[in-house]
Amino acid sequence: MSDTFKALLVSRDENKTQSVDMVELSEDDLMEGDVTVAVEATTVNYKDGLAITGKAPVIRRWPLVPGIDFAGTVIASDNAQWKVGDRVILNGWGVGETHHGAFAGRARVKGEWLVPLPAAMTPVDAMAVGTAGYTAMLCVMALERHGITPERGPVVVTGAAGGVGSVAVSVLSKLGYHVIASTGRPAEAGFLQELGAAEVIAREELEAPAKPLGKERWAGGIDAVGSNTLANVLSMTAYGGAVAACGLAGGMDLPGSVAPFILRGVSLLGIDSVMAPREIRLEAWRRIGQDLDHGKLTALSTLMPFDAIVNAAHDIVAGKVRGRLVIEM
Ligand code: NDP
């Protein structure tokens, strides 16, 4: 194995102007940690797009290798839990934010941040799921914990043609839910139906300022968009329903009222993937192995080379990416 490896490095000058360079690093450049991993696959999530374009302050230590998730093989370990040759996945824990991340040939991290790659998955499969897909599963599990079963009625997914959305649609439909997919891209209706959406609605239906209460249209929802969209989803959720909120692709605000909570007993379930406890991560990855159809995973992911990361980052922030982008190293 060569002493150096390629990496993307995001730097910023004294005027806080950000630049992104392809560089060669050595293991001496990596940060503290007790496990070193040869990165075999990674992915471009919305958050990676925000980091590379500088559109939001995701990176909080400079210069930094971005990339919030990877799958690969352990090449050195001082952690009793992991040995050389183990295949692992990393999502979150500040990697790609304050700790050198996934967009490099190697990564050094804390062993406790890693989970095992499920036996039936390749590193590319795992990154086709990636943080977006694992977050979609966290949302599904939260709805289940709240008792939102397929018998309770339809479930809406917003930002449906994106990464979180497309995995959410696939998993929910496999579990037997009637999935209503909301998208701003009518051209992706066929794609969403192939993933299992029973109905496709236009993003505009949920974009106007929300009324305190709307017609009850669904038992629950998974929202990757935020802002008016989330407020509308809540106002249209049936009595006793629940909405898992994980994203802000449409905005960070929540311009709604308490009416759905106090008049319909609707619950808003907050989802964070970054610091989620290990037991929940292990359960989410187990469920992904069980409830995400491999054919659909292939259909919703696009394989790209390392050199394509920066362009992909700009595209995802512009809302132009369909499904999941996987980078094979
Ligand atoms: P994607 O860009 O792949 O998906 C987001 C989708 O949202 C787009 O495909 C688009 O779907 C829709 N969208 C984009 N811009 C707008 C807009 N201005 N108004 C309304 N809808 C819009 O991103 P990801 O799936 O990777 O992430 C989705 C969100 O979830 C992001 O905000 C991300 O930060 C968040 N996230 C949060 C996590 C957590 O731990 N809480 C973990 C992972 C992601 P369409 O074209 O179908 O309308």
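What residue, of Arg264, Arg281, is touching a residue at least 24 places away in the same chain (Cβ under 8 Å), assigned by TED's automatic domain parsing to the domain that holds Arg203, of a type in the set (D, E, K, R) and surrounded by 13 or more Cβ atoms within 10 Å (Cβ to Cβ)?
Step by step, each of Arg264, Arg281 is checked, and only Arg264 is touching a residue at least 24 places away in the same chain (Cβ under 8 Å), assigned by TED's automatic domain parsing to the domain that holds Arg203, of a type in the set (D, E, K, R) and surrounded by 13 or more Cβ atoms within 10 Å (Cβ to Cβ).
Give the residue, chosen from Arg278, Arg287, Arg324, that is charged (D, E, K, R) and closer than 22 Å to Arg203 by Cβ.
Residue meeting the stated conditions: Arg324.
Do you know which of the residues in segment 1-59 that are in contact (Cβ under 8 Å) with a residue 24 or more places away in the chain and small (Gly, Ala, Ser) is surrounded by the most Cβ atoms within 10 Å (Cβ to Cβ)?
Ala51
If I filter segment 165-198 down to residues being more than 14 Å from the ligand (Cβ to nearest atom) and without any contact (Cβ under 8 Å) to a residue 60 or more places away in the chain, which single residue comes out as nearest to Asn45 (Cα to Cα)?
Among residues in segment 165-198 that are more than 14 Å from the ligand (Cβ to nearest atom) and without any contact (Cβ under 8 Å) to a residue 60 or more places away in the chain, the one nearest to Asn45 (Cα to Cα) is Leu172.
List the pairs whose first member sits in segment 207-220 and is more than 13 Å from Arg264 (Cβ to Cβ), whose second member is hydrophobic (A, V, I, L, M, F, W, C) and within 16 Å of the ligand (Cβ to nearest atom), and whose Cβ atoms are under 7 Å apart, counting only residues at least 6 apart or on separate chains?
Sorted first by the residue in segment 207-220, then by its partner, the pairs are Ala210/Ala231.
Taking the conditions exactly as written (farther than 30 Å from Val10 by Cα and surrounded by fewer than 15 Cβ atoms within 10 Å (Cβ to Cβ)), does Leu230 satisfy them or not?
The answer is no for Leu230.
Can you report the number of residues in segment 98-120 which are touching a strand residue (DSSP E or B) at 6+ places or on another chain (Cβ under 8 Å), in a loop (DSSP other than H, G, I, E, B) and not polar (S, T, N, Q)?
Residues flagged as touching a strand residue (DSSP E or B) at 6+ places or on another chain (Cβ under 8 Å), in a loop (DSSP other than H, G, I, E, B) and not polar (S, T, N, Q) within segment 98-120 amount to 7.
Name the residues in segment 36-51 that are within 18 Å of the chain's Cα centre (by Cα) and either assigned to a strand (DSSP E or B) or not acidic (Asp, Glu) (or both), would you?
Residues satisfying the conditions are Ala41, Thr42, Thr43, Val44, Asn45, Tyr46, Lys47, Gly49, Leu50, Ala51.
Can you pull out the helices (runs of 4 or more DSSP H) entirely within segment 242-308 that have at least 1 residues that are modelled with pLDDT under 95?
Ranges flagged: 278-291, 294-300.
The values are calculated or read from the model by the stated rules, or taken from the named source; none is laboratory data. Every value quoted in this text rests on a predicted model; they were computed, and no experiment measured them. Cβ: placed from backbone, ideal geometry, glycine included. Neighbour counts: every protein chain shown.
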